Amino acid sequence: MDTTNGTAPSLPVALTSFVMTVIISRLITKNNHHVDVQPSSEPNDEQTYPQHPSLPNPSQALKLIKTRRSIFTKQFSGKPVHQSIVNDMLEAARWAPNHHLTEPWRFIVFESPGARLELSGLLCKLYSDAQEAKGKPILQAKIDKKLKGAQLSSHIIAICVSTNGVKNPFVEEIASVSMAVQNMHLMATCHGVGAYWSSGGIYGPASSSSKVGIENPEELSQFLVRHLPYHKSGESITCLGWLYIATSTEI
Ligand SMILES: Cc1cc2nc3c(=O)[nH]c(=O)nc-3n(C[C@H](O)[C@H](O)[C@H](O)COP(=O)(O)O)c2cc1C
């Protein structure tokens, strides 16, 4: 799109630009999103965009974004992650954009082996209940994976969104929480720590009919409220998943 003279683009230019955008976004989403698309201009053109001396330059930022990858249970080493790293991740999270500054994220950190074991026990039960309700078999491999994930991770963070907000559509609150999780993920990468988002156990039987497709099982909601470090009176939360944090030999 030609923006040099400050006027609105002509229709053919706008159409070409639109078609190119669609092609590029299809390239990005096809075959997972790890397809390199060359930017049309140098990202670090300092004459156009003067660099802040203390900030990472665009190619460093892009490198961080591309280096961030989900690190899964089978890559976990079992060594603990220092609490200061998790604190850095939480600090990064709270700088995520959020409409009307509602700060809708609620994170619950499960750190001790006992707390992680209790959580994984619940996740195994929720999985078994859901399989039974669907008339499907309970796979021991899935159960083992959940138990192993909790055992080998260092911290598990429940990714929750406050459902009490009235200022924004709920989907915007979920978007903000997701951006906060990306911030945590990027910070973990900077520290050489592995992480991945799991959505195990968050969908209850009523989920498909709910406005945003998520209705946590009642047992999960009660468990989370019990573990909230602080509880604003009357506030309810919805869990969007779990951020497993672990050391890994792979990064
Ligand atoms: C909202 C969300 C939910 C996810 N849930 C799961 C999950 O339940 N199990 C899983 O193995 N990975 C899950 N993932 C991680 C994806 O599998 C992972 O992001 C994807 O494979 C792309 O890999 P990358 O993160 O390394 O780019 C989830 C990711 C997101 C954003």
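Pairs of Cα atoms nearer than 8 Å and 6+ residues apart set the relative contact order; for region 68-246 it is 35 percent. Other residues with beta-carbon under 15 Å from the beta-carbon of Lys74 carry, at +1 per Lys or Arg and -1 per Asp or Glu, a net charge of +3.
Assuming R0 = 45 Å, what is the FRET efficiency of Gln51 and Asp129, from their Cβ-Cβ distance, to the nearest 0.05? It comes out at approximately 0.25. Accessible area per residue for region 68-246, computed on protein heavy atoms with a 1.4 Å probe, is 50 Å². Measuring only protein heavy atoms, the 1.4 Å probe finds Met89 accessible over about 0 Å².
Label zone of Lys66 (point 7 Å out along Cα→Cβ, amide N under 15 Å): in region 175-216 this covers no residue at all. Remark: for residue pairs Lys74/Lys142; Lys66/Lys146; Lys142/Lys211; Lys79/Lys148; Lys66/Lys148; Lys66/Lys145, the C-alpha separation exceeds 22 Å in Lys66/Lys146; Lys142/Lys211; Lys66/Lys148; Lys66/Lys145. Peptides 54-61, 236-243 ranked from most to least packed give 236-243, 54-61, packing being the mean of other C-beta atoms within 10 angstrom over each peptide's residues.
Please tell me the relative contact order of region 85-157 in percent, rounded to the nearest whole number, where contacts are Cα pairs under 8 Å and at least six residues apart.
Values: 38 pairs, mean separation 29.7, N = 73.
Computed value for region 85-157: 41 percent relative contact order.
Centroid-to-centroid, using Cα positions, region 211-234 and region 160-190 are 16 Å apart.
Add +1 for every Lys or Arg and -1 for every Asp or Glu among the other residues with Cβ under 15 Å from the Cβ of Asp129, and state the total. Display every interim value, and only then the final one.
Working: positive: Lys125, Lys134, Lys136, Lys142, Lys146; negative: Glu132, Glu215, Glu218, Glu219.
My count for the surroundings of Asp129 gives +1.
Taking the Cα centre of region 68-246 as origin and assigning +1 to Lys and Arg Cβ atoms and -1 to Asp and Glu Cβ atoms, the resulting dipole is close to 520 debye.
The values are calculated or read from the model by the stated rules, or taken from the named source; none is laboratory data. Owing to the predicted nature of the structure, the values given are computational and were not obtained by experimental measurement. Using ideal geometry, Cβ is built from the backbone for each residue, glycine included, and neighbour counts are taken over all protein chains shown. Keep in mind that these areas ignore ligands, DNA and RNA; they rest on the heavy atoms of the full protein, side chains included. Shrake-Rupley method; radii C 1.70, N 1.55, O 1.52, S 1.80 Å.
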